Amino acid sequence: MPLKKIVSVMAISSLLLVPTVTNAEDAASTPSQNEPSLEQVNVQMKGVQPTNADLSEFVEQAREAASEYQAPQRSLTPNEEPAPETFDYTYVDGSTTYFYEKSSTEDKESVTAYATPQKTDVDGAANPSDAQLEMLDEPSNIQSAAAKDAIPGGIGGRATVQKNGNISTFVIHTPSSTTGPSSRTYIYGGFSGKGVGLNDKNASRNVVADMGLVYTDAYGTKKWQPMINYYWGNDTDGHTTPGTIIAPYNEVYYKNGYLPDQDVKVSIYKNLNNNTRLSTQGYAVHSNHDGTGGNAFLTSVTEIAATKVSSTTSWKYLATIADTVINKVPQGDAAGSVQAVIKGITIDNVNATPASDATDSASVSVNSNNVTIKVSK
């Protein structure tokens, strides 16, 4: 499927899978005069064989997205040089996901193409929407399911704004510490609304998007990594989770992620040229996904193509600790503590004041367009 061009717009985010490396020359022929050269790009692939035209078009698309963002020319601490800049862009185009990275510390850009993992094919630790599969089969099930379990599939707190809107922006201040389990502790936003099916673009579906950060201590460093879990509205289509934390796709963002005790700016677009986009921006542990180099300012963009979300019924802001899941059944073992500070919430560039609507082993405090959620069990 050919990639779609994007227009200039402010947004950010991205996830990454580290695949088995193959020779780029095996997958790419000499580009035509109308295609960007791949000579300065390291190309890797896992389970897919995109055409040279698709790879070239994706590189052009990623470079265009990168041109929209500027990192602040400042350092993490006084009297230091400005931090290096890294831009990541992930584009989920049906069964193929493309990842792009450009760091000011590297001479070449890198591109990874891999098979998009779908949540119907894997099992393991719960992503935020796992337990919502039952709730969203039929709209009438939502209220009754929510009444049975305030936070399905785990513990936590939620605040919502009942509103149709196109974009929500906010800042997550990553906790300085947490006792929540690695890869199961989340701070995120998202929406519920009307979209289309993954395989049937004429179908009207009740879709759910969970978009934000997940905590991990993999590879010996504590960090918060961008995550998306997009539910297409029925069990057959399931969830799209680019760079999922679940084996064998367990190299999410590899060794990089956002530092604890830092502000991370988040933007969520329900529909940007028929696509859904998450973006994050803040200081990261490393200057690239391989875990080399020092701290860098990371701008990350992830986009899921052809979601065609037409409206939202509500926007949500949460901190959760998820159960482990065995054979699609949450085990009720969520435990630990995390404090989320979500501040400056806007919807369509207007300040939005959420209302607390669910707690399980948690408290939710709202002050204007700022929310603090404390989870402990």
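Structure notes:
- Among the residues of segment 298-315, those identified as part of a strand (DSSP E or B) and buried (at least 23 other Cβ atoms within 10 Å of the Cβ) are LEU298, THR299, SER300, VAL301, THR302, GLU303, ILE304, THR312, TRP315.
Here's the yes/no breakdown for (1) buried (at least 24 other Cβ atoms within 10 Å of the Cβ); (2) in contact with a strand residue (DSSP E or B) (Cβ under 8 Å, 6 or more places away or on another chain); (3) charged (D, E, K, R):
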residue	(1), (2), (3)
GLY197	no, yes, no
ALA209	yes, yes, no
TYR215	yes, yes, no
THR221	no, no, no
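- Selection of first residues in segment 344-358 that are charged (D, E, K, R) and of second residues that are in a strand (DSSP E or B), restricted to Cβ pairs under 7 Å at least 6 apart or on distinct chains, gives the following pairs, ordered by first then second residue: ASP348/ILE167; ASP357/ARG158; ASP357/ALA159; ASP357/THR160.
- Segment 275-289, residues that are in contact (Cβ under 8 Å) with a residue 40 or more places away in the chain and either farther than 14 Å from LYS223 by Cβ or not in a strand (DSSP E or B) (or both): ASN275, THR276, ARG277, LEU278, SER279, GLN281, VAL285, SER287, ASN288, HIS289
- Selection count where residues are more than 24 Å from MET227 (Cβ to Cβ) and either surrounded by 20 or more Cβ atoms within 10 Å (Cβ to Cβ) or small (Gly, Ala, Ser) (or both), scope segment 93-110: 1
- From the list ASP360, ASP323, the lone residue that is among the charged types (D, E, K, R), within 30 Å of ASP235 (Cβ to Cβ), surrounded by 15 or more Cβ atoms within 10 Å (Cβ to Cβ) and at pLDDT 95 or above is ASP360.
- Test: residue in segment 332-352 that is touching a helix residue (DSSP H, G or I) at 6+ places or on another chain (Cβ under 9 Å), part of a strand (DSSP E or B) and of a type in the set (Gly, Ala, Ser): no
- Selection within segment 197-243 - among the hydroxyl-bearing types (Ser, Thr, Tyr) and within 21 Å of GLY257 (Cβ to Cβ): TYR215, THR216, TYR219, THR221, TYR230, THR240, THR241
- Evaluation of GLY293 against (1) outside any strand (DSSP E or B); (2) closer than 15 Å to LEU213 by Cβ (one fails), failing number: (2)
The values are calculated or read from the model by the stated rules, or taken from the named source; none is laboratory data. Remember, it's a predicted structure, so these values are computed and weren't measured experimentally. Cβ coordinates were reconstructed from backbone atoms using ideal geometry, including for glycine residues, and neighbour counts include every protein chain displayed.
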